[in-house]
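Below you'll find the structure, written out as structure tokens, and then a few comments.
Read-outs: derived from the displayed coordinates by stated rules, not from any lab. Quantities reported herein were computed from a predicted structural model and do not represent experimental measurements. Neighbour counts are summed over all protein chains in view; Cβ atoms, including those assigned to glycine, are modelled from backbone coordinates with ideal geometry.
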Amino acid sequence: MSKQYSEMATEISGDVIVIGDVHGYLDSVKDLFRQFEENIPDFENTWVVFLGDYSDRGPNSKETLEFLVDLWKNRPKTTFLMGNHDLAFSLFLGLLELPKNYDYEPHKSHLKTREKKVEIPQTDNMPLQGLRYPIAYSAQNTFISYGAKFGNNNELNEIVSEDVKQFYRSLPWIINHPKYNFVHGGFSKEMTYEENVEQLEKKDLTLIRPVWLCERNLKDAPKDAKKTIVSGHVSYPEVQFLTNRILVDTTGGYNKFVSAVHLPTNKVFRAFPDEEKN
């Protein structure tokens, strides 16, 4: 990795502020950071974990990604997770190193009719989530934000900065803490706790739909959970505090407030988009 980039932290400890899905709402993210600085003692030495889904749906995907990259470079105790939108974006632009000799052509058979209507110039051996990105992930605003033609991955690839590309290449699927596991969607109840952790650390790109990033029915923790599992992905009206489980997403990318939680106090912060404040 280039010297200008640091590794995304995957093992952290101490107090943490965890931020739910952002989806291009930069004003909400900036408002949250203002609240942190005003209300959290020793904020600069507190870890901040973003739970994934940084672009799409909201109005400022490009600017949001640039802001997050700046945090990555300049605020050491900040780290980020891969969300399903981020995985799809990365695969759509061909940013991730795929397993050698694996044939992704059968993935195309899983596309829905509406997802086939967008002409994508470069689809050679592209995994399913990349093929689905323009339509299934409501990516119109990302193309608008970058000034690229909708569905044209060649054009978008030329515009997206190398900093942003490296940001996406570096995203882990799980972040571990002595008391918490941070993941975008949650843990599968079909696996043991240890199996979930092992699979998340593998980041298996042969999977058609990585359950921990994409599945919506992961509200409960596995029965053998050893830590509290903290995630975003599925939007609720308020932050959910359950047994061995915290769910932080309250926006889903649809012009609602972005939430954050300070751990271990469980203090909730939230920030509305600017248009909702007026």
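Key figures
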| item | result |
| --- | --- |
| Between the range 214-244 and the range 29-102, the alpha-carbon center distance in angstrom | 20 |
| GNM top mover of Lys100, Lys62, Lys203 - the chain, alpha-carbon springs below 10 Å | Lys100 |
| Amide H within-cut-off set for Val48, under 5 Å, with H built and near neighbours excluded | Ile17, Thr78, Thr79 |
| DSSP H segments from the chain that extend 18 Å or more along their own axis, Cα-based, with Kyte-Doolittle mean of -1.0 or above | 26-39, 61-74 |
| Antiparallel DSSP beta bridges within the chain, percent to nearest 5 | 50 |
| Cα-Cα over 22 Å, subset of Lys62/Lys165; Lys226/Lys256; Lys62/Lys116; Lys219/Lys267 | Lys226/Lys256; Lys62/Lys116 |
| Dipole axis of the chain (+1 Lys, Arg; -1 Asp, Glu on Cβ), positive-most option in Leu95, Gly20, Ile40 | Gly20 |
| Among 211-219, 146-154, the order from most to least packed when residues are scored by Cβ within 10 Å on average | 211-219, 146-154 |
| Cβ-placed point charges (K, R +1; D, E -1), dipole of the chain about Cα centre in debye, nearest 20 | 540 |
| Average Cα contact separation per residue, the chain, under 8 Å, 6 or more apart, as relative contact order % | 24 |
| Where labels lie 7 Å past Cα in the beta-carbon direction, separation of Leu96 and Gln166 in nm | 2.1 |
